[in-house]
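As structure tokens, the structure follows; a few thoughts come after it.
Every number here is computed from the coordinates shown, using simple stated rules; none is lab data. Note that the structure is a prediction, hence the values are computed from the model and not measured. For neighbour counting, all protein chains shown are included, and Cβ atoms are generated from backbone atoms with ideal geometry for every residue, glycine included.
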């Protein structure tokens with residue numbers, strides 16, 4: 001592997017962060033997944049092995065490129081890692097990207113543990129080169145966020161960089177005439193891959209009791225082994241295309257054939273297309289992650305396991321418990337901006353990032369969030385509806401560079417009236433502080449050009465661009481008012497580093513509440529900072545005073561600015 | 001070789017994931033097959049964090065089913081209650097005597113369960129509940145952040161693996177400047193559980 005590119009996204013982010021430790025691999029953050037995939041395709045066109053890494057919804061962004069790469073093939077191996085997120089631990093949907101493999105006509109490999117997550121990369125590269133196709137490697141969150149024992153093999157000897165560049169327009173220029181000639185080649189390729197699937201060691205039958213045969217893949221294989229220790233199992237490491245002969249032989253060898261897979265009935269449908277009788281989603285859920293307890297329960301209900309297989313459970317009556325959702329951290333610079341947006345009673349079209357969490361009380365100041373980069377286009381459409389209320393788009397710096405720029409260009413071009421607020425905290429915070437084009441550093445930590453959102457906005461044709469410190473409530477309010485009251489497109493860049501960045505941590509200091517001045521009005525609690533809470537002390541009115549947890553407070557002073565009585569300050 | 005299924009629960013920022021790394025590593029050193037799985041969504045942002053660690057001769061599922069946990073290590077009391085149903089009947093809970101108030105409690109719209117309620121819920125499932133003053137002990141040693149290792153020390157008394165193996169894992173995982181305080185925290189945790197009568 002020589003070139004790898006990615007945009008961060010849970011649960012895929014750590015892959016590039018690990019690869020960067022290998023100096024022989026050029027590993028880069030791209031502004032978005034489509035660019036990352038184009039970069040990997042280009043490297044593979046030039047004859048070196050390459051990888052593009054993204055979360056499942058990133059493949060939606062990169063889909064256009066996935067389809068042409070399937071049509072052209074490459075000169076060297078190309079792996080597309082799609083880290084799917086059943087249960088939506090950190091995503092807006094739980095799409096099953098095996099569908100993309102059938103759709104784009106490429107093979108799909110699914111690891112069942114950490115060892116296979118490593119080993120299948122090698123197989124993916126080999127298959128990619130043998131069949132001249134991109135190969136998708138599809139781990140899920142439960143694979144990506146689990147650790148299991150891995151034995152490292154011999155490192156493959158490094159290949160020389162080939163050359164010169166192989167020019168072959170009939171294969172690589174997808175104009176209609178060339179594309180029409182390529183399509184039958186792609187379909188014939190899928191047939192050959194399906195035949196190869198019959199003999200791949202990652203597709204294997206484990207014969208045990210023949211009463212029940214389970215076809216399974218990915219982490220579900222582990223659940224099958226745990227819950228049905230006696231059952232025969234067909235484990236598929238390649239889930240598209242499926243090995244029809246192997247499946248038929250397995251089906252003939254067992255009395256009841258069941259598919260255990262997370263999310264869509266993908267294998268189930270493929271097996272049914274072979275004309276075989278099979279059960280799957282009639283027994284196991286289609287939504288969310290599986291786990292051994294769910295599998296066991298459903299298996300007992302469906303008669304796959306006896307009633308006696310049920311594990312003893314304590315009867316437990318839980319009191320109603322306060323939820324503990326993820327929230328904006330103490331010192332988060334977004335908090336102050338959302339306090340202003342709520343005060344101004346604006347409709348807020350939001351985007352993907354930490355700031356999405358401001359939809360929750362007490363901020364309750366973000367009203368839409370769909371996918372990366374949607375905020376600005378949606379806000380423009382809302383404004384075009386002609387309602388009396390004003391609305392703004394809110395988008396983070398990394399998300400702006402990802403896919404906000406074309407939408408802002410649209411606002412400038414069509415003279416839109418919804419202002420865009422760019423929350424610039426100088427990092428990709430949600431996924432764990434990755435660099436991006438606005439930080440001035442690369443994935444390797446090397447210095448590079450630093451792109452300012454203000455300059456981008458001006459260059460797109462936005463004349464009114466305001467920059468404010470996110471921690472300065474008055475300045476934020478003034479800038480937002482100017483942006484929404486003026487004529488034509490406007491951008492507010494609210495800038496302040498994420499409070500968790502190492503540089504910002506150095507300035508942390510705890511504030512305290514002056515018990516003489518606090519009257520317990522609770523205004524400061526409306527900003528929703530976890531460092532603020534009611535104390536045991538009471539004001540003359542009988543209301544509990546507020547106190548500040550010194551271990552959590554970062555000294556951002558958002559609460560101090562909200563307080564009418566000057567009761568909050570440095571100790 | 002008997003299997004051991006551990007559930008670690010806490011609040012983002014408490015060191016739950018570091019503790020699960022140490023626990024997984026210790027199991028490997030003791031000769032077990034080990035799988036570890038984190039359910040941390042957005043851990044830095046003050047949400048609930050859970051981690052499954054399984055030791056056995058051969059581990060299949062990285063996740064432990066509800067009602068199948070042998071040992072629960074809870075770094076925060078409300079989270080101990082929230083995940084009590086994961087314990088198998090007769091399982092053991094080691095609970096840090098620390099409350100971190102969710103925002104809805106700080107704002108006065110929700111109520112945090114009192115200690116009696118915590119003990120009632122855990123007692124209904126667990127064979128034993130050990131409350132450990134992890135934060136107080138760590139503060140006494142001069143580093144509040146070491147409370148996760150105090151809890152690991154307490155847990156280590158319930159598992160038949162020599163202390164040296166735990167300490168080797170800790171040495172591998174904690175930042176070198178904090179090694180001494182973490183070592184002291186681990187040993188203090190071992191003493192703490194011995195000194196506390198089982199509930």
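Mean projected area of the Cα convex hull of region A:113-221, taken over all directions, amounts to 10.8 nm². Antiparallel beta bridges, as assigned by DSSP with both residues in the protein assembly as shown, represent about 35 percent of the total such bridges. Does chain B classify as rounded, prolate or oblate by the C-alpha gyration tensor (a ≥ b ≥ c root eigenvalues; a/c under 1.5 gives rounded; else a/b over b/c gives prolate, otherwise oblate)? Cα axes put chain B in the rounded bin.
Averaging the sequence gap over all C-alpha pairs within less than 8 Å and six or more residues apart, then dividing by the number of residues, gives chain A a relative contact order of 10 percent. Here the ratio of the Cα radius of gyration of region A:244-381 to 2.2 N^0.38 Å is 1.68.
Each residue, residue A:384 and residue A:300, gets one label point 7 Å from its Cα in the Cβ direction; the gap between the two is 5.6 nm. Within region A:203-308, the ratio Rg/Rh, alpha carbon atoms throughout and Rh by Kirkwood, equals 0.92.
Exposure proxy ranking for A:166, A:89, A:402, A:436, based on other Cβ atoms within 10 angstrom of each Cβ and starting from the fewest, stands as A:166, A:89, A:436, A:402. Between residue A:316 and residue A:198, the distance separating the two model label sites (each 7 Å from Cα on the Cα→Cβ line) works out to 5.0 nm.
Residues A:371, A:559, A:553 in ascending order of nearby Cβ atoms (within 10 Å, fewest first): A:371, A:553, A:559.
When the alpha carbon gyration tensor of region A:334-399 is reduced to an equivalent ellipsoid, its three semi-axes come out at 17, 15, 9 angstrom, largest first.
Take the alpha-carbon positions of region A:344-457, form their convex hull, and give its projected area averaged over all directions (one quarter of the hull surface) in nm².
With every direction weighted equally, the projected area is 7.5 nm².
Normalising the average separation of contacting C-alpha pairs (under 8 angstrom, six or more residues apart) by the number of residues puts the relative contact order of region A:333-504 at 22 percent. Shape class of region A:508-570 from the Cα gyration tensor (axes a ≥ b ≥ c, square roots of the eigenvalues): prolate, since a/c reaches 1.5 or more and a/b is larger than b/c.
Compared with the dominant principal axis of the Cα atoms in chain A, helix A:33-45 is inclined by about 40°.
Most simply put, chain B has about 50% antiparallel DSSP beta bridges, counting only bridges with both residues inside it.
Counting 0.36 nm for each residue step from residue A:535 to residue A:510 and taking away their Cα separation leaves a gain of 7.4 nm.
For the peptide B:97-110, the mean number of other protein chain Cβ atoms found within 10 angstrom of a residue's Cβ is 6. Quick one: if the Förster radius is 51 Å, what FRET efficiency do residue B:56 and residue A:160 give, using the C-beta to C-beta distance and rounding to 0.05? Efficiency, from the Cβ-Cβ distance: 0.65. Which residues in region A:6-27 have a backbone N closer than 18 Å to a point placed 7 Å from the Cα of residue A:448 along the Cα-to-Cβ line? Residues A:6-9, A:13-27 fall inside that zone. Our summary of shape: the Cα atoms of region A:1-119 have principal axis extents of 38, 33, 29 Å, ordered from largest down, in whole angstrom. Could you state the angle between the C-alpha long axis of helix A:114-131 and the longest principal axis of the C-alpha atoms of chain A, as a value from 0 to 90 degrees rounded to the nearest 10? The answer is roughly 60 degrees.
In units of the rule-of-thumb radius 2.2 N^0.38 Å, region B:42-115 shows an alpha carbon radius of gyration of 1.27. Going by neighbour counts of Cβ atoms within 10 Å, the residues A:7, A:100 line up, fewest first, as A:100, A:7. Note on region A:335-465: antiparallel DSSP beta bridges, both residues inside, total approximately 20 percent of the bridges counted. Relative contact order of region B:49-101, taken over Cα pairs closer than 8 Å and 6 or more residues apart, is 36 percent.
On a per residue basis, the convex hull of the C-alpha atoms belonging to region A:379-531 measures out at 143 Å³. Available extension along the chain between residue A:208 and residue A:561 is 120.2 nm, counting 0.36 nm per residue and deducting the alpha carbon span. Between 0 and 90 degrees, the angle of helix A:333-343 with respect to the longest Cα principal axis of chain A falls at about 70 degrees.
Take the alpha carbon gyration tensor of the protein assembly as shown, find the square roots of its eigenvalues, order them as a ≥ b ≥ c, and report rounded if a/c is under 1.5; if not, report prolate when a/b exceeds b/c, else oblate. Judged from the Cα gyration tensor, the protein assembly as shown comes out oblate (a/c at least 1.5, b/c at or above a/b). Just need log10 I(q)/I(0) for region A:3-197 at q = 0.18 Å⁻¹, Debye formula, equal scatterers on the alpha-carbon atoms, no solvent, rounded to two decimals. Relative scattering, expressed as log10 I(q)/I(0), comes to -1.30.
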